[in-house]
Amino acid sequence: MQKSIMSRLWVFAVWAVIGLFLVNLMGLIASVLTSSVATRWLGTWLPAGFTTRWYFAAWDEFQLGDVLWVTFQAVGAVVLLSGLLGVPAAYALARREFPAKRAVMLLLLLPLLVPPITYGIPLATVLYKAGLGGTLTGVILANLVPTVPFVVLVMIPFIEQIDPRTEAAARVFGANIFQMFVHVLVPMLMPGVLAALLLVLVRTIGMFELTFLVSGPGSQTLVVALYYAVFASGVRAVQSIDAMAVIYMATTLVWLIVALRFVNPTQIVGRGKRPAA
Amino acid sequence: MSAVMEGRAEGPTLRQRLAARGIDGATLLVLPCVALILGLFIYPFLYGLVLSFQPKDGSLFGNYARFFSDPFLYGTIFKTLRLAFPVTLLNLLIAIPIAFRVRLMRRQRLLTTLLVLPITLGTVLVAEGMLFYFGPQGWFNRILMAAGLLSSPVSVLNGYWGVFISLVLTGFPFTFLLTLSYVTGIDPSLENAAATLGAGPAARFREVFLPLLVPGLAITFCLSFVQAYSVLPSAVLVGDPANATRVISIAAYQAAFEEYDYSMASAIAMIMGAVQLLVVVAVLGCRSLFYRGPAAGAKG
């Protein structure tokens, strides 16, 4: 009987830790949300009144229209390019055995193992030397470094699941490699491609370090603009910074929810086998 | 031209010989991707390495000598490790029991979604939220004071613990997801077999799961460590960037964008990479002391 009390206590402790984590996380998010619609909030449980004017203030003050447009362009380009470069490379790595394959795999793993700040500083130096520092092109190029290997590594298992005879059949019927890709492989791989690209999308919206190091005044994405706003707080009303934070949160959350309809979060990082029961 | 003709006369063409070694049109699809990584990752890294040996004073090792003689600079290594090590360990220690519990749940999706939230919110938003929530008038202190647990507000912001908490909040979900995928990858029949033979929960964990999990946990530790190690936004926003949480990435950033000394900044980035590599190699080295082999069981 003593054993079951011990194990109950243990289960309780585990749930308590989960609860503590979630309560604090939700409290943190709720604080930002509440503050962004508060008129005045000093030293009380709840603000004195509610208003939506901070959203309009933030929109004007931080030129959020421009920032969102830059974010949209940068993220869109990164998603498209990493799909176009990553999926064919994943195909070659999944289907062919060639001499330098292990070296190529290692090359693709490196950018995911080295923290962005470490390679971001030399990369920013090179991009500034090339005249691309502070431009949108520079931001896109820098963000491709972690996303392309990510797409390749996520796509390889998806491609390996497809029966190679399907491709052989397409080739027998006279399709060249491009036609085979467009008409056979891409439709079959669509769920995997969507999953990988949505994850790239979420990662790129939230990618602070690389964008921060490479971007200039006209090429800041939302997360970098938010950092500068918090960093220089005191100049502007706290509530309008919070309003901006809520707008940022909304842009990532929408895509996260879309992404989760296509992927199981545990598959992001590995293919765990489900127990049969 | 004649070489090609001769080759054809002797047997398979160059194209066929390449194809036999696995190189054909499809293999070339890997080239754009490799070119991108070579151009935007390897080249900048080598460029930075060379640049770090060309300091302003003209000597070969000037930057490195300066870094390791100035406590304000070499101290950043210990400040970074003092944050990254405990945070990664704590995250891992919390993640293991939670992953074991979630593994048994039928509806894991909602909980895992909630736990993934901070990854998408990112470090900047978490830091900004912390300024409010953990502030002297924030809900955290208010609730603890109303419950009578505190007499005066605790200040976690602008110091070591602020960064620590922000790293736990943003790092835990990642550690948890990795751990969960390793835990669910273990064949449940192994546990059933151990239970049939009379092993209690603690013994099952110690004798069956732990040896199988060690390789995965080592990799999880490395990847989580990399995340905690490169902390920049939270060290600036909720830490004490001039002093207690002056981590190595702040030193590198300041050298590059405040002093415009790209040579010094590259040197700091190289040192940062080297320290991180040492930790990863050490952890993976320890891993090889443990069991290596299949965790899924070859036959059902």
Inset, instruction - Just one of (1) open to solvent by less than 40 Å² (accessible area, probe 1.4 Å); (2) assigned to a helix (DSSP H, G or I); (3) at pLDDT below 70 trips up residue A:267, so point out which. - result: (1)
Inset, instruction - Inspect the stretch A:28-45 for any residue being open to solvent by less than 40 Å² (accessible area, probe 1.4 Å), closer than 30 Å to residue B:272 by Cβ and modelled with pLDDT under 90 and give the result as yes or no. - result: yes
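With respect to residue B:258, determine if the residue is over 30 Å from residue A:212 (Cβ atoms), open to solvent by 10 Å² or more (accessible area, probe 1.4 Å) and acidic (Asp, Glu).
The answer is no for residue B:258.
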Inset, instruction - Residue by residue through the stretch B:128-156, note down the ones that are in contact (Cβ under 8 Å) with a residue 60 or more places away in the chain and within 7 Å of chain A (Cβ to nearest Cβ). - result: B:128, B:130
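Among A:139, A:202, A:186, which is the only one that is out of contact with any strand residue (DSSP E or B) (no Cβ under 7 Å at 6 or more places or on another chain) and at the interface with chain B (Cβ under 10 Å from one of its Cβ atoms)?
Result: A:202 is the single residue among A:139, A:202, A:186 that is out of contact with any strand residue (DSSP E or B) (no Cβ under 7 Å at 6 or more places or on another chain) and at the interface with chain B (Cβ under 10 Å from one of its Cβ atoms).
This table checks each residue for (1) over 30 Å from residue A:201 (Cα atoms); (2) of a type in the set (S, T, N, Q); (3) over 26 Å from the mean Cα position of the chain (by Cα); (4) not in a helix (DSSP H, G or I).
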residue: B:114; (1), (2), (3), (4): no, no, no, no
residue: B:121; (1), (2), (3), (4): no, no, no, no
residue: B:125; (1), (2), (3), (4): no, no, no, no
residue: B:145; (1), (2), (3), (4): yes, no, yes, no
residue: B:150; (1), (2), (3), (4): yes, no, yes, yes
residue: B:154; (1), (2), (3), (4): yes, no, yes, yes
residue: B:157; (1), (2), (3), (4): yes, no, no, yes
Inset, instruction - Please give the number of the condition residue B:227 fails out of (1) at pLDDT below 85; (2) more than 8 Å from every other protein chain (Cβ to nearest Cβ). - result: (2)
Inset, instruction - Taking residue B:67 as the residue in question, decide whether it is modelled with pLDDT of 90 or more, closer than 30 Å to residue B:224 by Cβ and touching a helix residue (DSSP H, G or I) at 6+ places or on another chain (Cβ under 7 Å). - result: no
Inset, instruction - Name the single residue, out of those in the stretch A:78-106 being without any contact (Cβ under 8 Å) to a residue 12 or more places away in the chain, assigned to a helix (DSSP H, G or I) and within 7 Å of another protein chain (Cβ to nearest Cβ), that is farthest from residue A:157 (Cα to Cα). - result: A:104
Inset, instruction - For the stretch A:164-229, please list each of the helices (runs of 4 or more DSSP H) lying entirely inside it that holds at least 2 residues being over 24 Å from residue A:261 (Cβ atoms) and open to solvent by 30 Å² or more (accessible area, probe 1.4 Å). - result: A:164-172, A:177-180
Legend entry - Restricting the stretch B:208-221 to residues that are within 20 Å of residue B:281 (Cβ to Cβ) and touching a Leu at 6+ places or on another chain (Cβ under 7 Å), the residue that is nearest to the other protein chains (Cβ to nearest Cβ): B:220
Legend entry - Unique match (being closer than 21 Å to residue A:247 by Cα and either open to solvent by less than 40 Å² (accessible area, probe 1.4 Å) or modelled with pLDDT under 90 (or both)) among A:74, A:94, A:100: A:74
Legend entry - Hits in the stretch B:72-107 (condition: part of a helix (DSSP H, G or I), within 11 Å of chain A (Cβ to nearest Cβ) and more than 24 Å from residue B:215 (Cα to Cα)): B:80
Legend entry - Residue match in the stretch B:112-123 (condition: free of Cβ contacts under 8 Å to residues at least 24 places away in the same chain, over 27 Å from residue B:236 (Cα atoms) and facing chain A (nearest Cβ under 10 Å)): yes
Inset, instruction - Keeping to the stretch A:12-62, report how many residues are in contact with a Lys or Arg (Cβ under 8 Å, 6 or more places away or on another chain) and more than 7 Å from chain B (Cβ to nearest Cβ). - result: 5
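The values are calculated or read from the model by the stated rules, or taken from the named source; none is laboratory data. Note that the structure is predicted; figures quoted are calculated from it, not measured. Every residue, glycine among them, receives a Cβ derived from its backbone with ideal geometry; neighbour counts consider all protein chains shown. Only protein heavy atoms, including side chains, enter the accessible area calculation; ligands, DNA and RNA are left aside. Shrake-Rupley method; radii C 1.70, N 1.55, O 1.52, S 1.80 Å.
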